Amino acid sequence: MDLHIKETKQLVAEEFSEFFKEKCTTGEDVHIALSGGSTPKIVFDHLAKEYGADIDWSKVFLYWGDERCVPPSDDESNYKMTVEHLISKIDIPEENIFRIKGEDDPEEEAKRYSKVLDEQLPKANGIPYFDVVMLGMGDDGHTVSIFPYNIELWDMPENCRVAKHPDSGQKRVTFTGKIVNNAKTIAFLVTGAGKKEKVTAIHKKHDGYKEFPASLVAPKQGELHWFLDQDAAAGL
């Protein structure tokens, strides 16, 4: 595990953007699963501005680790956020973008997206794998859309499942742990004082830390990076 701790959220975004660019300039096709949230928004802005012209986007294929079951025009859509802050600012072929269709029936979409991953991604251990999976972590220790209350979804055999937000009940399509942990590189982007407690518990293995889905992220074949600001890392 590699820790990258920077003073501010902006500096975290800048360091991760450089990391992202390096992963995308190998000359090979690169399959990346994106995440939503406030930190990726800053990352995407910086990435487009500083490195948009340096990356051969024809070799970059974009997916999402989870998506709210809303139309792509909805302000809660992770896809819409990515379009506004990254995709609209770079020259990436439309056929390289594989969005989760949040407007469709959730159960059917989870099955469809599972099939997309099976068909589009290379495989290792007989399982589709990403070159990079971006992850966030909530104040409750959730990652993708697997929460402490539905942590059993992590070990489901499917590539994707339908989850519900524990408070709003909003449905989401999410990767399972099978896909997350098969990635070559996993990168958490976690910022803010609200994340300090769970970051500390997971990294110091405090009692009960395995109740947090983010603690289950452990790549089978690759690298695990945590990009943190000082507020989130204050307990380490």
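Simple point charges give the picture: +1 on the Cβ of Lys and Arg, -1 on the Cβ of Asp and Glu, and for the chain a dipole about the Cα centre of about 540 debye.
With a Förster radius of 25 Å applied to the beta-carbon distance between T8 and A218, the computed FRET efficiency rounds to 0.30.
The phi-based Karplus calculation (6.51 cos²θ - 1.76 cosθ + 1.60; θ = phi - 60°) puts the 3J(HN,Hα) values of segment 161-177 at 9, 8, 10, 10, 5, x, 9, 7, x, 4, 7, 9, 9, 9, 4, 9, x Hz, whole numbers, x for Gly and Pro. Lysines near K184 by alpha-carbon distance under 21 Å, same-chain residues fewer than 8 away left out - which ones? Answer for K184, where 21 Å is the Cα cut-off: K21, K23, K59, K115, K123, K220, listed by chain and number. Against the set (1) 129; (2) 144; (3) 113, the structure's computed volume of the Cα convex hull per residue in Å³ falls on (3). So which trypsin sites (Lys or Arg not before Pro) in segment 152-236 end up in coil per DSSP with only 14 or fewer other C-beta atoms within 10 Å? Answer in residue order: K205, K220.
Across segment 70-87, computed HN-Hα scalar couplings (Karplus, 6.51 cos²θ - 1.76 cosθ + 1.60, θ = phi - 60°) run 9, x, x, 8, 7, 5, 8, 6, 4, 4, 4, 4, 5, 4, 5, 9, 9, 4 Hz from first to last residue, x flagging Gly and Pro.
Entry note, the chain: the mean residue ellipticity at 222 nm calculated from DSSP H runs of n ≥ 4, each adding -39500 (n - 2.57), is -8500 deg cm²/dmol after division by the residues and rounding to the nearest 500.
Distance from the C-alpha centroid of segment 161-221 to that of segment 1-39: 17 Å, rounded to the whole angstrom. As a rough guide to protection, the peptides 52-58, 82-88 ranked by mean Cβ packing within 10 Å, highest first, stand as 82-88, 52-58.
We did not get these values from a lab; they are worked out from the coordinates using the rules stated. Note that the structure is predicted; figures quoted are calculated from it, not measured. Every residue, glycine among them, receives a Cβ derived from its backbone with ideal geometry; neighbour counts consider all protein chains shown.
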